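The values are calculated or read from the model by the stated rules, or taken from the named source; none is laboratory data. Model, not experiment: these values are computed from the prediction. When we count neighbours, we look across all protein chains shown, and the Cβ atoms used for this are built from the backbone with ideal geometry, even at glycine.
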Amino acid sequence: MSGARGHQVLTGFIVEGEEIIDEALAAVYRSPHSYTTEDTVEFSVHGNPLIVDRVTDLLIGIGARLARPGEFTERAFLHGRLDVTQAEAVLAAIQARTMKGVKAALAQLRGGLTKELKGLSDRVRWLVALIEAQLEFPEEDIPEESLAPMLEGAIADTEKLRQAFRRGRSQRKGLAVMILGRPNVGKSTLFNALLDEERSIVTPVPGTTRDLVTGTLRFSTGQVRLFDGAGIGIAESLPDRIAVRRAVGAANRADFLLVMLDATSGFVPADTELLKLLMGKPGMIVWNKIDAVKEIPSLENVAGEPVAVSALKRKNLSTLLDRLKEEASSRGETFFANRFQEECLERLAVHLRAALDAQYLDMRAKELREAIADFAGTDRPALDQSILEEIFSRFCVGK
């Protein structure tokens, strides 16, 4: 075996002493032409578990060990064969629940996301160069106003990437959607109605729901993980306060929010806190109990068109389901990112908007330089052990 050439398949017997354990194939790969870029041998034995266990024990006995989950892809990353975006694509290809998800993962494995991230990074560097030129060579009369549309374009492309990441989550594990509202607005009733099953306990008593309850909506284009929790409002007891904190925490982690308002009471001051949560991420307003009013209340200065439903009477739920289906849709580019990459992109968006709003060139340059520093390493981050563990711990053994 030690003298075998690379890219060669050998046939023979695996033996222990005088005993033949199995007839097997051995595929030999020589560095750097293997998945990990290291010298590798892959044995193909008959599928009987007794044979597999016996061969495994034999190999361990002569110095081998069992691979950790994701170790082969981790080694490929550490040796520079894959970047982080491609490693995520390997996991996405394994876990994808639709053929669209598989195709998107394979496109990313070929370097699609790496190209997008590099293009965005290069544009930000070009913007810094333009600003530095204006600061250092004012006599050249470089037009300052030309920067604004370039910044707006970079912000738009950053948002497109963030949406592509959301589509990736929908393809892989489902878009996380949290139902928020004051106590007794009908959150749990809506939760049960959307799932078409009695998952959350519903009573007229405020504060019935304390623990987070979850269910899954499956569409042909993706899936939604729906969450129901405690009503957001004044909590008297310690258990109620803990339940509210859990609900707010789940809302902060969610990809999309359904902010539920009571049509019978209209907008009340306590709803202001809900709209503040909605300002921080994608979501929409849902007016409930429209069966009990003649006219749906109006809202000012709220983005998007609210949906009016009766969760109890199951009225107009199809419109809400269509909106959720649209959010979970895989239309457009789909990329699979990890927590580190998403946080980098969020910081980039913050810096780009601050640069656009800045009144002076030196302030714009400062924001963009910080954007470059924060965005660096999205493809090959510094080898922080927590990042590596977060990425590769989700892989199955053998990949």
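Looking at segment 49-61, can you tell me whether even one residue there is under 30 Å from T158 (Cβ atoms) and of a type outside the set (A, V, I, L, M, F, W, C)?
We begin by selecting, within segment 49-61, every residue under 30 Å from T158 (Cβ atoms); these are none.
There is no residue in segment 49-61 that is under 30 Å from T158 (Cβ atoms) and of a type outside the set (A, V, I, L, M, F, W, C).
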Segment 323-397: helices (runs of 4 or more DSSP H) wholly inside it with 3 or more residues that are modelled with pLDDT under 75 are 385-392
E42 vs. criteria part of a loop (DSSP other than H, G, I, E, B), touching a Phe, Trp or Tyr at 6+ places or on another chain (Cβ under 9 Å) and closer than 27 Å to A76 by Cα: no
Counting only residues in segment 253-273 that are touching a helix residue (DSSP H, G or I) at 6+ places or on another chain (Cβ under 8 Å) and outside any strand (DSSP E or B), the one farthest from A176 (Cα to Cα) is identified as T264
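Quick test for you: out of L91, L117, L151, pick the one residue that is buried (at least 21 other Cβ atoms within 10 Å of the Cβ) and modelled with pLDDT of 85 or more. Break it down stepwise before answering.
Details: L91 fails: modelled with pLDDT of 85 or more; L117 fails: modelled with pLDDT of 85 or more.
Going through L91, L117, L151 in turn, just one is buried (at least 21 other Cβ atoms within 10 Å of the Cβ) and modelled with pLDDT of 85 or more: L151.
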Going through (1) without any contact (Cβ under 8 Å) to a residue 40 or more places away in the chain; (2) surrounded by fewer than 15 Cβ atoms within 10 Å (Cβ to Cβ) one by one, L66 fails only at (1)
Only one of (1) over 23 Å from the mean Cα position of the chain (by Cα); (2) buried (at least 22 other Cβ atoms within 10 Å of the Cβ); (3) modelled with pLDDT under 85 does not apply to E136, and that is (2)
Checked segment 74-89 for anything under 16 Å from A337 (Cβ atoms) and out of contact with any Gly (no Cβ under 9 Å at 6 or more places or on another chain); matches are F77, L82
